[in-house]
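Only one structure is covered here, and it is reproduced in the block below.
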Amino acid sequence: MIAIGERINGQFDDARKAIAAKDKKVIHDLARRQTEAGAHYLDVNVGTAAADQQAAMQWLVTTIQETCRTPLCLDSQKPAVIKAGLAVADTSMGIMLNSSPLDKKSDPNVLDTYIGMAKESNGVLITLTMDKEGVPQNVEKRVEIAAFIVGKAMELDFPVDKLYIDPIVLPVNVPGAQTQPGFLLEAIRQIKILNDPAPMTTLGLSNVSQGTTERSLINRIFLSMALSAGLDSAIVDVFDDKLMDVVATTEMLLNKQIYSDSFLRAYRALHTG
């Protein structure tokens, strides 16, 4: 699984304070420790930590690149913020853009803009199964939007295997939302057969447990289920050692990793360098 480290995000208290105060030490530490924990990409999300999100994104990208060479995942639904980050990013390390809906009422061509930026930077792109009507509540609409996204990528000559589709996780404790994890698993299965080569799939794992009392347990079990359904990547807390052990064990049981008595240690050595 491609692990995208979630912690450089303005929704977390330490990151929010660091962004507001331009405290490089905190950001350096989060970047370094997530890299050492096995993150393949570092998600970079200003959130609401700064009024000038474009300037804050540039400060974050520059600061992270001072301490590690881990590829970045620039995360914003505002194209101007992504563009600002790209202006200072070292894309030779690899780059991921996150995230675009199919369209918006305020911008029906938003996906075209994100695909254009991904092509220009030779990056990969996370897209959401969301359109101008909002987040779908069933499997069928999620897959329908995913099919439109794949079609748009092909129309704009963007490689489908560089496209990551996020079927959007909803918190399991929201009234009526307990059906959603099952819907997501089926959506992942169907998205994987939309094209050959297939689009990649991803999700923001921590959203499933938001507001619950057993967050880590819910995250771990759902991630194992999603990997079994064909999930390729996830935005996760790589500091959760037991979560990363779940990834290693699930991949071993799916015959994606070779079993040995030290398979956990071998997985960590392979993915943390």
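Some values worked out for this structure:
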| read-out | value |
| --- | --- |
| Subset of region 106-147 [of a type in the set (D, E, K, R), surrounded by fewer than 22 Cβ atoms within 10 Å (Cβ to Cβ) and either more than 18 Å from G94 (Cβ to Cβ) or under 19 Å from the mean Cα position of the chain (by Cα) (or both)] | D107, D112, K119, D131, K132, E133, E140, K141, E144 |
| Long-range neighbours under 7 Å by Cβ, at least six apart or interchain, first residue free of Cβ contacts under 8 Å to residues at least 40 places away in the same chain within region 232-256, second among the charged types (D, E, K, R) and crowded, with 17+ Cβ neighbours inside 10 Å | K242/R220; L243/R220; L243/D237; V246/R220 |
| Helices (runs of 4 or more DSSP H) wholly inside region 211-273 containing at least 2 residues that are assigned by TED's automatic domain parsing to the domain that holds G182 and closer than 30 Å to P197 by Cα | 215-228 |
| Those residues of region 48-66 which are surrounded by 16 or more Cβ atoms within 10 Å (Cβ to Cβ) and either of a type in the set (A, V, I, L, M) or more than 22 Å from I115 (Cα to Cα) (or both), in sequence order | A49, A50, A56, M57, W59, L60, V61, T63, I64, Q65 |
| Set T202, T212: member being polar (S, T, N, Q) and either surrounded by fewer than 21 Cβ atoms within 10 Å (Cβ to Cβ) or farther than 23 Å from N98 by Cα (or both) | T212 |
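Quick grid of which residues meet (1) buried (at least 19 other Cβ atoms within 10 Å of the Cβ); (2) hydrophobic (A, V, I, L, M, F, W, C); (3) touching a Gly at 6+ places or on another chain (Cβ under 6 Å):
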| site | (1), (2), (3) |
| --- | --- |
| A234 | yes, yes, no |
| V238 | yes, yes, yes |
| D241 | no, no, no |
| Q257 | no, no, no |
| R265 | no, no, no |
| L270 | no, yes, no |
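The values are calculated or read from the model by the stated rules, or taken from the named source; none is laboratory data. This one's a predicted model, so the numbers in the text were calculated from it and none came from an experiment. Positions of Cβ are backbone-derived with ideal geometry, glycine not excepted, and every protein chain shown enters the neighbour counts.
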